[in-house]
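Working notes, beginning with the structure itself.
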Amino acid sequence: MNRSFHKSQTLRFYDCSAVEVKSKFGAEFRRFSLDRQKPGKFEDFYKLVVHTHHISNTEVTIGYADVHGDLLPINNDDNFCKAVSSASPLLRVFIQKREEAEHCSFGVGSLSRRRRPLALREDGPRRRTHLHIGLPHDFRPVSSIIDVDILPETHRRVRLYRHGCQKPLGFYIRDGTSVRVAPQGLEKVPGIFISRMVPGGLAESTGLLAVDDEVLEVNGIEVAGKTLDQVTDMMIANSHNLIVTVKPANQRNNVVRGSRALGSSGRSSDSTASRHSLPAAHVLQNLPPDEMESDEEADVVLEGVLEPRLVPRPPPGSLARVNGAGLAPGLHSPGREGSVQRLLSSLRSDPRHSLALPPGGVEEHGPAVTL
Amino acid sequence: MRRFLRPGHDPARERLKRDLFQFNKTVEHGFPHQPSALGYSPSLRILAIGTRSGAIKLYGAPGVEFMGLHRENNAAVQIHFLPGQCRLVTLLDDNSLHLWSLKVKGGVSELQEDESFTLRGPPGAAPSATQITVVLPHSSCQLLYLGTESGSVFVVQLPAFRALEDRTISSEAVLQRLPEEVRHRRAFEMVEALQEHPRDPNQILIGYSRGLVVIWDLQGSCVLCHFLSSQQLENVCWQRDGHLIVSCHSDGGYCQWPVSSDTLQPEPPRSCVPYGPFPCKAITKIFWLTTKQGLPFTIFQGGMPRASYGDRHCISVVHNGQQTAFDFTSRVIDFTVLTEANPEAAFDDPYALVVLAEEELVVIDLQTAGWPPVQPPYLASLHCSAITCSHHVSNIPLKLWERIIAAGSRQNTHFSTMVGLAPAPPQPRARLAHELLRHLLQEWPINGGTSLAPAPPQRDLLLTGHEDGTVRFWDASGVCLRLLYKLSTVRVFLTDTDPNDSLNAQGEDEWPPLRKVGSFDPYSDDPRLGIQKIFLCKYSGYLAVAGTAGQVLVLELNDEEAEHAVEQVEADLLQDQEGYRWKGHERLCARPGPVHFEPGFQPFVLVQCQPPAVVTSLALHSEWRLVAFGTSHGFGLFDHQQRRQVFVKCTLHPNDQLALEGPLSRVKSLKKSLRQSFRRIRRSRVSSRKRRPAGPPGEVQEGRSRAERTGLQNVELAPVQRKIEARSAEDSFTGFVRTLYFADTYLRDSFRHCPSLWAGTNGGTVYAFALRVPPAERRMDEPVRAEQAKEIQLMHRAPVVGILVLDGHSVPLPEPLEVAHDLSKSPDMQGSHQLLVVSEEQFKVFALPGVSARLKLKLTALEGSRVRRVGAAHFGSCRAERYREHHLAVLTNLGDIQVVSLPLLKPQVRYSCIRREDVSGIASCVFTKHGQGFYLISPSEFERFSLSTKWLVEPRCLVDSAETKNHSRLCDRPGPEKASGRARNSGSQSDGEERRSGPVMEHALLNDERVLKEIQSTLEGDRGSCGDWRSQRAAVGYGLSNGGGCS
């Protein structure tokens, strides 16, 4: 099964398609190799790693150091593939117990920061250039933090993109109590909290939502006074374009507003932690309500199944809107097309649409007319 | 979309909305859930029922209903009307007393609570000292005697509930006044019975539980008589003339004690154990009632042989050598006997036995030989068998209405002719029939008060489907929900039980002479028989009924009995899908050969779905003679004219294994229910530990409580959580067909309209089939053809709960045959039609035939509520006669009711109606076409509500307070004309006639019930002039009684 994984001793005897892996867990190192062309599945890789470290009974997260020295996560096939293919020459893998990993999230500069904390604090402005690293083509927007300028710093509005994504949203919510500041002092009020993340789910992979974050709004509508079931229904009804405003349990990772972020004195090392390697870090300001409407799902209408010659072909316009919302201007077009392809393929993989119908016959209707 | 939320402040529209919409919960139909007390006022002829939740409900003549709710959520234990007054006292199980009265406000009586009171003992007394066991309202209406557990009788003055401590009759005081030889026995304990002397208000009878009965002189404070029984006393009855006391005892016997001037009776002269000689259960209540003929009626509760019939709930009636033990299917709460109300009359002459059982009210006619049951006009037991679905049909044509009533009347032959009739319908023809019936039959005996509610403007039917395979047809036009006809589908199938199993299986000479009465029978022979969907065409009399095992029956109304075979067809909904195995119940086995059917709805076609999953949707088009049905696997169309299947369509997703495994309810939440049951086990373990009585103190106890605490913490550590996941095509039960709809519309192009069938699934898919129905003359020759024309996948994939086509004027298409019967304008076929698809999350309007989205209203995304029920309704304005608008009435899973406008989908009004936790209430809701609705508030009660200002069915009734009536008569003695301002047909020439006893009188009387009332009031006025309070009271009782006994 793990044909592509080999112990490192045998490395020398293989051709250059092998990638040497140095895996570190605590103070222990393990070395082995992977096939650069066919790295295999993340799942198998994960099994191999925990096996070689003899830590099969602990939950761990796996990260790697990319070419820029950033600690990036390996938690799905895509980024595993990316990690292996971009390793030069050595793939450095860092393993952390899950509970420990929560406190130091992945991100740009997170690895180097840990090594040289002093140096980092001084070169804040320089690191801003990291934001303009060209995005790898295979990445797609999965989430974004929006409305930073209108929200209190303690809140975070996260937009999750499910279009073109096979992943489940992957989180659970629960009832709880939160403490509010009221005129007569602190008062306890019922609230809705994120209770669990599904490993490998969209919510987890973005890193923007975490267990015990309090949910304040769903798509702009306050959840205060609503029951858990109501909030669940609202989230599911909005699942195609879910915008959740949370009060993160971990307030150290908040995005700092533009004006303050510039002053390097105001930056703690923590405030940078949410800077992600993913395009999600692009801050979209003031998402206009129009745009929230525009990426509305369009129903698929099949005319007379007796003449099977049609294939669902979403209109390019609406697609651009679907994906464009999360991409900052200045993205090169290949990225966009990539996601278009992905979306199309995902549509096709739906058995309902697998009638193998040629394009042209489907009636597609744009967003609904608003009164 | 958010712009919808802002209330558009168009003042004209807001004003119009006020004229159109108004939310009212108007009346509760059915039998009160968990009744706990019964009261009856012979003078008002009003029945009162108290419930365990603290509600009291009053019922008089059909349509006269009142409801009150105690502030405390405590069970009503006793209800007592104050003699001759519109006031009643209730005792709750928290030992509090409450005084209620019927007050006239704006011409209509209202029930309201005036006063409440809790009896306080002397400081330091045990709480049992004031625990009330018996309440006796004194005939003076000023005093209330309260018997307690301590044996003392307290006196309280009304209406202020002032305790008169100096008049307390303590057991010590009674003891002192007893002769020496009785004193040595501890004869006291709690007070079991308190009665006033039927003739002398100065004497009361006190019965103590140990067997001592004393007659106490209130003025002299002395014991007039005492009787001592060797058995524990249960209850006492005082004969009408006061010369005999009958006591009943815990050993199942009763004793008769003649009352004479002697102070002591050594032994009861006559004692009897009716169901002896083997040990019997206690007789808990007894009536000893005299008749003109001489032989008394003995009516008692209990007393059955302990070993073999100890578990029966029986009331026995003994009279003139006849004895019957009426055997009830549920516990008897209380009973009363309706007798001559005039206290001056020499005899009781009982005419009806009223029994309040846990699940139904049973009334027995004691005047007719054989003591047949009477069908009450209200308090119907809706839940005789559990209700599984309901269907409402408005505005039934008179023809169909009469045919259904005729079919039903043949089913009710075992009932007494003493029936309660609903108020006369307005139509002249129906009124005639109604009056005819009224003359032929005697009147319902509990007929106090006058219903002022206008006659219902139309005939409405509510059909309820039941677990035992029956469909009941209820007259839902007015305040009284009356059973018209009962249809059983069981005959069509082979079941284990014989449907001819009669109510009275017992032989003639059985002892005890048990007779089953009542209709409550919650035990279903076969759950597969349960009715799930009903569809009635009111114009053609075609009925489609579908059930739990995939059976679909098409029935036709036939006025004659018939014997014919039912055509059977199997619909294979899986078609060519291979490799599935149905793990649920088997399909029902149809009875081969011809079956005998009663007059009424007779099945002629049986379609059985394969796999036999529960039918989840049903539609009938009587004009095209087509019936469509859907299950969790697919849907099919059946031509019931040619009796052949047109097509079936499988909607099952290839990966959906769950849908195949069996009945939905069992599989759907298996994982969840497992999890829940584990939690429940854990919790019950914790709580049972808590409840265990304290053992030896010390170490063990402590350890246990610690374990308890950790257990509790464990429970709290596992909070409820909800998964957030988008719907996908792979979800389970996406193929579940939720709704089916027939429409004649533009499906293929905008030039030709054609018949079409629309189906919506749980996965947000809508299928549209174009149908070709041959013209009438070739209807039998050419087959009906169908081909799929459209398939719409809603991207949000929420279950489709409603489909509707709007015509060119944006009015919903009329029902089939509606236009043919001239009852609706024909739909506009010029303008373009629109398709409305209602999913649980959104409302969406599409243009036809292109199915391009026009409008939508999101519900869930904005409010978190989901559509549970939707119905198109038209709303009339309360100001403009002919003005009406068509809208959608929507019930959400939060129990809110909203009106959403058509076709613009603007929310109009919103009212909270049902508690969101009341899942079964929300699931049972059904809307009418006129903006009313029904939902179950308990297994046995429908709450009726109205969203319309125009269509409102609510009780409006007047109960004349006997006192005020009497006084007004005394002040100036007006003629009957002046006594009440209501218009009436003519004067009364039958003054002084006996009403009850003379059917001649019935004929002599005029058509209007009000005339009767007037005659009564005249009678009353005549009597009311006498002097002292006793004759005044007599007049009260007389005036309101069912007529004079001694003239």
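The values are calculated or read from the model by the stated rules, or taken from the named source; none is laboratory data. Since the model is a prediction, treat every value here as computed from it, not as a measurement. Virtual Cβ from ideal backbone geometry, glycine too; neighbours counted across all protein chains shown.
Kindly provide the set of residues from region B:762-809 that are of a type in the set (Lys, Arg), part of a strand (DSSP E or B) and touching a residue at least 40 places away in the same chain (Cβ under 8 Å), ordered by number. Steps first, please.
First, pick out the residues of region B:762-809 that are of a type in the set (Lys, Arg): B:772, B:778-779, B:785, B:790, B:797.
Still in the list and also part of a strand (DSSP E or B): B:772, B:785, B:790.
Once the filter is applied, which keeps residues that are of a type in the set (Lys, Arg), part of a strand (DSSP E or B) and touching a residue at least 40 places away in the same chain (Cβ under 8 Å), region B:762-809 yields B:785, B:790.
Yes/no matrix, rows are residues, columns are (1) among the β-branched types (Val, Ile, Thr); (2) at pLDDT below 80; (3) within 16 Å of residue A:207 (Cα to Cα); (4) assigned to a strand (DSSP E or B):
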residue: A:24; (1), (2), (3), (4): no, no, no, yes
residue: A:72; (1), (2), (3), (4): no, no, yes, yes
residue: A:80; (1), (2), (3), (4): no, no, no, no
residue: A:105; (1), (2), (3), (4): no, yes, yes, no
residue: A:114; (1), (2), (3), (4): no, yes, no, no
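Can you say whether residue B:759 is surrounded by 20 or more Cβ atoms within 10 Å (Cβ to Cβ) and either of a type in the set (Gly, Ala, Ser) or part of a loop (DSSP other than H, G, I, E, B) (or both), as far as the supplied structure shows?
On the way: surrounded by 20 or more Cβ atoms within 10 Å (Cβ to Cβ): yes; either of a type in the set (Gly, Ala, Ser) or part of a loop (DSSP other than H, G, I, E, B) (or both): yes.
Yes.
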Is region B:881-896 home to any residue that is free of Cβ contacts under 8 Å to residues at least 60 places away in the same chain and small (Gly, Ala, Ser)?
yes
Of the residues in region B:590-611 that are more than 15 Å from residue B:488 (Cβ to Cβ) and β-branched (Val, Ile, Thr), the one that is surrounded by the most Cβ atoms within 10 Å (Cβ to Cβ) is B:607
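Condition first: assigned to a strand (DSSP E or B) and over 12 Å from residue A:95 (Cβ atoms). Now tell me which residues in region A:26-40 satisfy that. Walk me through how you get there before you give the answer.
Looking only at region A:26-40, we keep the residues that are assigned to a strand (DSSP E or B), and these are A:28-35.
Of everything in region A:26-40, those that are assigned to a strand (DSSP E or B) and over 12 Å from residue A:95 (Cβ atoms) turn out to be A:31, A:32, A:33, A:34, A:35.
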Looking at this structure, is residue B:799 under 40 Å from the mean Cα position of the chain (by Cα), closer than 24 Å to residue B:652 by Cβ and not aliphatic (A, V, I, L, M)?
yes
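Out of all the residues in region B:742-756, which are closer than 18 Å to residue B:621 by Cβ, in a loop (DSSP other than H, G, I, E, B) and within 13 Å of chain A (Cβ to nearest Cβ)?
First, pick out the residues of region B:742-756 that are closer than 18 Å to residue B:621 by Cβ: B:742-747, B:753-756.
Filter once more, keeping what is in a loop (DSSP other than H, G, I, E, B): B:746-747, B:753.
Selection gives B:747 alone.
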Can you name the residue in region B:538-589 that is crowded, with 17+ Cβ neighbours inside 10 Å, part of a loop (DSSP other than H, G, I, E, B) and aromatic (Phe, Trp, Tyr) and, of all such residues, is modelled with the highest pLDDT?
B:539
Limited to region B:140-183, what total is found for residues that are of a type outside the set (Gly, Ala, Ser) and in a helix (DSSP H, G or I)?
11
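Having 1 or more residues that are under 20 Å from residue B:33 (Cα atoms) and more than 14 Å from chain A (Cβ to nearest Cβ) is the bar; report the strands (runs of 3 or more DSSP E) wholly within region B:890-950 that clear it. Explain how you work it out, then say what you get.
Details: elements: B:896-901, B:907-912, B:932-938, B:941-948.
So the answer is B:932-938, B:941-948.
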Return a yes/no flag: does region A:229-237 have any residue that is under 20 Å from the mean Cα position of the chain (by Cα), within 11 Å of chain B (Cβ to nearest Cβ) and among the small types (Gly, Ala, Ser).
no
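Which residue, of B:341, B:345, B:325, is of a type in the set (A, V, I, L, M, F, W, C), over 31 Å from the mean Cα position of the chain (by Cα) and buried (at least 19 other Cβ atoms within 10 Å of the Cβ)?
Details: B:341 fails: over 31 Å from the mean Cα position of the chain (by Cα); B:325 fails: over 31 Å from the mean Cα position of the chain (by Cα).
Checking each option against the conditions leaves just B:345.
Go through region A:170-189 and report how many residues are within 12 Å of chain B (Cβ to nearest Cβ) and either in a strand (DSSP E or B) or modelled with pLDDT under 85 (or both). Show your work before the answer.
In the first step, residues of region A:170-189 are kept if they are within 12 Å of chain B (Cβ to nearest Cβ); the result is A:170-177.
Then drop every residue that is not either in a strand (DSSP E or B) or modelled with pLDDT under 85 (or both), which leaves A:171-177.
So the answer is 7.
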Within region A:201-216, work out how many residues are within 13 Å of another protein chain (Cβ to nearest Cβ), within 16 Å of the chain's Cα centre (by Cα) and within 20 Å of residue A:144 (Cβ to Cβ).
5
Within region A:217-228, considering residues that are at the interface with another protein chain (Cβ under 7 Å from one of its Cβ atoms) and out of contact with any strand residue (DSSP E or B) (no Cβ under 6 Å at 6 or more places or on another chain), the one nearest to residue A:154 (Cα to Cα):
A:221
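Restricting attention to region B:821-873, and to residues there that are assigned to a strand (DSSP E or B), of a type in the set (Gly, Ala, Ser) and facing another protein chain (nearest Cβ under 9 Å), which single residue is nearest to residue A:227 (Cα to Cα)? Working first, answer last.
Within region B:821-873, the subset assigned to a strand (DSSP E or B) is B:834-839, B:842-847, B:852-858, B:867-873.
Right, trim to of a type in the set (Gly, Ala, Ser) and you get B:839, B:847, B:852-853, B:871-873.
So of that shortlist, the ones also facing another protein chain (nearest Cβ under 9 Å) come out as B:852-853.
Details: B:852: 35, B:853: 32 Å.
Among them, the one singled out is B:853.
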Is it true that residue B:614 is within 21 Å of residue B:784 (Cβ to Cβ) and either outside the structural domain of residue B:471 (by the TED database) or buried (at least 19 other Cβ atoms within 10 Å of the Cβ) (or both)?
no
Among (1) surrounded by fewer than 20 Cβ atoms within 10 Å (Cβ to Cβ); (2) more than 14 Å from chain A (Cβ to nearest Cβ); (3) modelled with pLDDT of 90 or more, there is one condition residue B:625 misses while meeting the rest; what is its number?
(1)
Residue check: is residue A:43 of a type in the set (Asp, Glu), modelled with pLDDT of 85 or more, within 29 Å of the chain's Cα centre (by Cα) and assigned to a strand (DSSP E or B)?
no
Only residues that are part of a loop (DSSP other than H, G, I, E, B) and surrounded by 23 or more Cβ atoms within 10 Å (Cβ to Cβ): list them for region B:75-109, please.
B:82, B:84, B:86
Under the condition of being among the polar types (S, T, N, Q) and at the interface with chain B (Cβ under 8 Å from one of its Cβ atoms), which residue from region A:238-254 is surrounded by the fewest Cβ atoms within 10 Å (Cβ to Cβ)?
A:239
